Amino acid sequence: MSYQSIYAPGLFVGQTILVTGGGSGIGRCTAHELAHLGARVVITGRKQEKLDAVVEEITEDGGSVASRSFDIRDEESAVAAITSILEEEGKIDGLINNAGGQYKSALEDVSTKGFEAVVRTNLTGGFIMMREVYNQWMKDHGGAIVNIIADIWNGWPGMGHSGAGRGGMHTLTETAACEWAASGVRVNALAPGGIASSGFDTYDDKDAAFFREQAMPVIPLRRFGTEAEISAGLVYLLSPAAAYITGTTLRIDGGTPNWRGGWPLAGANNTPAYRGFHRSTVPAVLDGTSLG
């Protein structure tokens, strides 16, 4: 088996694309698809063993991949990593700012330290990566950046710290798109809704009932999305087909923000999930839950 991409073979031949948080979940899936489409992919993350596993997978599938282990929140490490990547790879044509994370908590229980840690992960670290890729390469050569945010529309109860960080990334994307346009750099964002990735398994077992009984029933398409459905959007925003798109956010969320409670949601639907990622597995917390 190989990745079942809807895009043309060889779409990214000759390009080097950097994917942060590439050791698991959406980042891992996207790295696989980009490599399948001919890109030289560089994945980053904090845990080298996770990166090594993905490098082994992509290499086994015939793709070209390298890895760098560092923390995007550490400015000195991030700056040095971009410099090192450019020395070894020669260029960075695309950046997918995927690394992030949070924990479920009411605002009243979030400490200042916890709040700042989540914002630094989901906003400051992404900013450092954007700035360095731009200053060290894209300012003189052009390129494309895609920042992954989240379904933050209308507030995000239980995830207020992450919503603050990702909301900041949303407006940062719009600002950078304008400031960097003269250099031929496109900057967009992608906002996933509930996606059946390994990220779900970072939550406690008690959250499984929440996902099944509260989250999924208010999704108009009545299922969670797949990693491949997010990767397809990211690939599109990096591709030549998106050459006139900058400063926008692509929502991939099954219509979740559009439901306001006044319209009855039917049960089954006829929008089967796109399952292009041949190595994808259903997160344990969603075991037995329909993905369409």
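In the chain, a dipole from Cβ-located charges (positive for Lys and Arg, negative for Asp and Glu) runs towards its positive end, and of 181, 137, 82 it is 181 whose Cα lies farthest in that direction.
Residue exposure proxy: 161, 278, ordered by other Cβ atoms within 10 angstrom of their Cβ from fewest to most, comes out as 278, 161.
From the square roots a ≥ b ≥ c of the eigenvalues of the alpha-carbon gyration tensor of the stretch 25-104, which class results: rounded (a/c under 1.5), prolate (a/b over b/c), or oblate? Oblate shape, in that a/c is at least 1.5 and b/c is the bigger or equal ratio. Result for the chain in a Gaussian network model with C-alpha springs under 10 Å: among 26, 230, 128, the largest mean-square fluctuation is at 128. Centre-to-centre separation between the Cα atoms of the stretch 81-146 and those of the stretch 243-262: 22 Å. Out of 69, 125, 42, whose Cα points farthest toward the positive end of the dipole of the stretch 16-255 (charges: +1 Lys, Arg; -1 Asp, Glu; placed on Cβ)? Comparing the listed Cα positions along the dipole, 125 ranks first.
Between 0 and 90 degrees, the angle of helix 160-179 with respect to the longest Cα principal axis of the chain falls at about 40 degrees. Based solely on its DSSP helices, what 222 nm [θ] is calculated for the chain when runs of n ≥ 4 H residues each add -39,500 (n - 2.57) and the sum is averaged over all residues, nearest 500 deg cm²/dmol? Counting only the DSSP helices, I get -10000 deg cm²/dmol. Taking amide H as placed 1.01 Å from N in the peptide plane, the amide H of residue 250 sits under 5 Å from that of 189, 190, 191, each at least 5 places away or on another chain.
For the options 166, 222, 28, a Gaussian network treatment of the chain with springs between C-alpha atoms closer than 10 Å singles out 222 as fluctuating the most. Charging the Cβ of each Asp and Glu at -1 and of each Lys and Arg at +1, and nothing else, the dipole of the chain about its Cα centre rounds to 680 debye.
Charges were assigned to the Cβ only: +1 to each Lys and Arg, -1 to each Asp and Glu. The resulting dipole of the stretch 44-116 about its Cα centre is roughly 260 debye.
We did not get these values from a lab; they are worked out from the coordinates using the rules stated. Since this is a predicted model, take the numbers as computed values, not measurements. Reconstructed Cβ throughout: ideal geometry from the backbone, glycine too, with neighbour counts over all protein chains shown.
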